[in-house]
Amino acid sequence: MEHQDLLAGFIRLHVLHHAVQEEIYGQWMMQELARHGYRISPGTLYPMLHGLEKKGYLRSRKERCGRSVRRLYSATSKGKKALAVAKEKLRELVGELVEWCE
């Protein structure tokens, strides 16, 4: 993905946003991100999910799905607080960008 280093923060915010709303899993998240124009491989997404879990923003549980096991992620209270802070910073940035464009 072009500009991956810059867009990785947006992808993390997408993940956190959806994990606050409901449990998510990797394949669904890849499809959701693709819907928004982000093409992300499992080799990028899964380490990102594990990293967010390791930092305490997400927690996971395993659920049997037919013959396989699916890992479901949800936001922790730390993740919810971080998303609220990020939304405020994003509002501030968008305000500056829109003002700059006028």
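Each value in this text was obtained by applying a stated rule to the coordinates, not by laboratory testing. The structure presented is a predicted model; accordingly, all values stated were derived computationally and were not measured. FYI the Cβ positions are ideal-geometry reconstructions off the backbone, even for glycines, and counts take in every protein chain you see.
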Treat each spin label as a single point 7 Å out from the Cα along the C-beta direction, and report the Lys80 to His17 distance in nm. 1.9 nm
Quick one: compute the contact order of the chain, relative version, from alpha carbon pairs under 8 angstrom and 6+ residues apart, as a percent. 28 percent
How do 10-22, 79-91 rank on mean C-beta neighbours within 10 Å, highest first? 10-22, 79-91
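Do the alpha carbons of any pairs in Lys54/Lys87; Lys55/Lys78; Lys62/Lys87; Lys55/Lys89 sit beyond 18 Å of each other, and which pairs?
Lys54/Lys87; Lys62/Lys87; Lys55/Lys89
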Identify which of the listed values of Rg/Rh (Cα atoms, Kirkwood Rh) was calculated from the structure shown: (1) 0.98; (2) 1.02; (3) 0.93. (2)
When the helix-only estimate is applied to the chain (DSSP H runs of n ≥ 4, each -39,500 (n - 2.57), divided by the residue count), what is the mean residue ellipticity at 222 nm, nearest 500 deg cm²/dmol? -21500 deg cm²/dmol
Treating the angle as unsigned and between 0 and 90°, give the value, to the nearest 10°, between the Cα long axis of helix 42-54 and the longest Cα principal axis of the chain. 90 degrees
